[in-house]
Amino acid sequence: MNTETDSKRTGAAEAARVVMKLEVVVLPVSDVDRAKAFYEDLGWTLDVDLPVSAGYRVVELTPPGSPTSIIFGSGVTDAAAGSARGLQLVVSDIETARTELVARGVEVSEIFHDTTGVFHHAGVTAREPGPAPQRRSYGSFISFQDPDGNEWIVQEVTTRIPGRIVQTRFDSPEELAVALRAAAAAHGVHEARIGHEDANWPEWYAEYMVRAAAGQEVPE
């Protein structure tokens, strides 16, 4: 029996249970105010604009509904401005997303799909015009760049990969209230169908709201 190996395995198993959430993605930009204006014009929430000290300023914004934010600023990174590639957003309707971005003044690609497979990341060599055949989930994309040339890929996800857990975020009390009202109405239908009060309503609400936010089939 190798106690050292067993100890390492136990340690690895313990580490695997540590919750690790992706908090921020750092963007390299050349003009902080220009980048801030661009992302605010996208409708992203400005979380903080903090001048920490001379030559050090941190700006953080969050896309609507996202648990992860972006940060940029002065003294934040030494990466070349505009060098970020393949930053990925997901939406439930690629056509609506493109229409909104265009309305906000963003230069957006036409909708395209990746011929190498449904789950392949959207590169540049296998792009074909139009949505994915049968509008397969994970298969349709658009792309755009910020003023520095940092590249964003927007992917349509309508049904999540089995087992994929979605972090649900609400950016305001009003947005949360809308989701709760929708869950309450659906739960009323659920109780009428089962013919009695549902003592496990918190779990039902939670599953309903997470699935609704992910564009998945909601519980009955």
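Laid out as a table, the results:
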| item | result |
| --- | --- |
| Unmet criterion (only one of (1) surrounded by fewer than 18 Cβ atoms within 10 Å (Cβ to Cβ); (2) in the same structural domain as Pro133 (by TED's automatic domain parsing); (3) touching a Ser or Thr at 6+ places or on another chain (Cβ under 6 Å)) for Thr45 | (2) |
| Test: residue in the range 192-202 that is in a helix (DSSP H, G or I) and closer than 22 Å to Val157 by Cα | no |
| Test: Thr159 is assigned to a loop (DSSP other than H, G, I, E, B), under 17 Å from the mean Cα position of the chain (by Cα) and either free of Cβ contacts under 8 Å to residues at least 40 places away in the same chain or more than 22 Å from Glu23 (Cα to Cα) (or both) | yes |
| Matching strands (runs of 3 or more DSSP E) fully within the range 48-120 where at least 1 residues are among the aliphatic types (A, V, I, L, M) and within 15 Å of Val154 (Cβ to Cβ) | 69-74, 87-91 |
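Here is a yes/no grid of residues against (1) in contact with a Leu (Cβ under 9 Å, 6 or more places away or on another chain); (2) at pLDDT 95 or above:
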{"site": "Ala12", "(1), (2)": "no, no"}
{"site": "Arg17", "(1), (2)": "no, no"}
{"site": "Leu22", "(1), (2)": "no, no"}
{"site": "Asp41", "(1), (2)": "no, yes"}
{"site": "Ser53", "(1), (2)": "no, no"}
{"site": "Val58", "(1), (2)": "yes, yes"}
{"site": "Pro63", "(1), (2)": "yes, no"}
{"site": "Ile70", "(1), (2)": "yes, yes"}
{"site": "Gly73", "(1), (2)": "yes, yes"}
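The values are calculated or read from the model by the stated rules, or taken from the named source; none is laboratory data. A quick note: this is a predicted structure, and the numbers were derived from the prediction, not measured. Glycine gets a Cβ as well: all are built from the backbone with ideal geometry, and neighbour counts include every protein chain shown.
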